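Inspection log for the structure reproduced underneath, given as structure tokens.
FYI, it's all coordinate maths here, none of it is from the lab. In this text the structure is predicted, and so the values were computed from the model without any measurement. All Cβ positions, glycine included, derive from the backbone under ideal geometry; neighbour counts span all protein chains shown.
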Amino acid sequence: MSTEHMKTLKIDHVGIAVKSAEKSAKLFSDVLGLETEEEILNDRKLKIIMIKVGKSRLELLEDLDVNGTIAKFIEKRGEGLHHIAFEVDDINETLKKMKENGYRVLSEPSAGADNTMVAFIHPKDTHGVLIELVERSSQKR
Ligand code: ZN
């Protein structure tokens, strides 16, 4: 056993900001034949449709609040790539390490889609792409 117990496991999902999750999902479900799952995140006022692609997923993000962060993102930059999410086995350890290395953490871990804990790292520190860290609760303890 290594003393370094923090692990980055895989690309969990890629987040795409869209105006309508339902309309956007049609490409992936109807054309590409992928499985989709809808979820409403009340805390964040987001409608999410997860598209399963093998072991990874795409996350279509639709804002239910016209002044929300996704709505503002689309207003500024149009629909498109919003973030890349890495699954980690210990989100607190990973955040600690990122902070120690000077990366700005946008939010402390909070509940995300699909029974996860998530946190975001400032895109100005990560080459322009917002990074999300995801820890699955089933993974641990
Ligand atoms: Zn995400």
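Below, the figures for the structure above:
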{"quantity": "For R57: the one exception among (1) basic (K, R); (2) surrounded by fewer than 17 Cβ atoms within 10 Å (Cβ to Cβ); (3) in contact (Cβ under 8 Å) with a residue 40 or more places away in the chain", "calculated": "(2)"}
{"quantity": "Positions within region 101-119 being within 23 Å of D43 (Cβ to Cβ) and assigned to a loop (DSSP other than H, G, I, E, B), in sequence order", "calculated": "R104, L106, S107, E108, P109, A113, D114, N115"}
{"quantity": "Which listed residue is away from the ligand (no atom under 14 Å from the Cβ) and charged (D, E, K, R), from D63, D125, D43, D114", "calculated": "D125"}
{"quantity": "Per-region count, region 80-113, residues under 22 Å from E38 (Cβ atoms) and crowded, with 17+ Cβ neighbours inside 10 Å", "calculated": "6"}
{"quantity": "Subset tally (residues that are more than 13 Å from the ligand (Cβ to nearest atom) and more than 14 Å from I70 (Cα to Cα)) for region 1-39", "calculated": "27"}
{"quantity": "Some residue of region 24-35 being within 30 Å of E93 (Cα to Cα), assigned to a strand (DSSP E or B) and out of contact with any Ser or Thr (no Cβ under 6 Å at 6 or more places or on another chain)", "calculated": "no"}
{"quantity": "Matching residues, region 38-54, being part of a strand (DSSP E or B) and in contact (Cβ under 8 Å) with a residue 40 or more places away in the chain", "calculated": "E39, L41, I48, M50"}
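Table: residues versus (1) of a type in the set (D, E); (2) in a strand (DSSP E or B); (3) within 19 Å of S137 (Cα to Cα).
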residue: L58; (1), (2), (3): no, yes, no
residue: E62; (1), (2), (3): yes, yes, no
residue: D65; (1), (2), (3): yes, no, no
residue: I70; (1), (2), (3): no, no, no
residue: E75; (1), (2), (3): yes, no, no
residue: H82; (1), (2), (3): no, yes, no
residue: A85; (1), (2), (3): no, yes, yes
residue: K96; (1), (2), (3): no, no, yes
residue: K99; (1), (2), (3): no, no, no
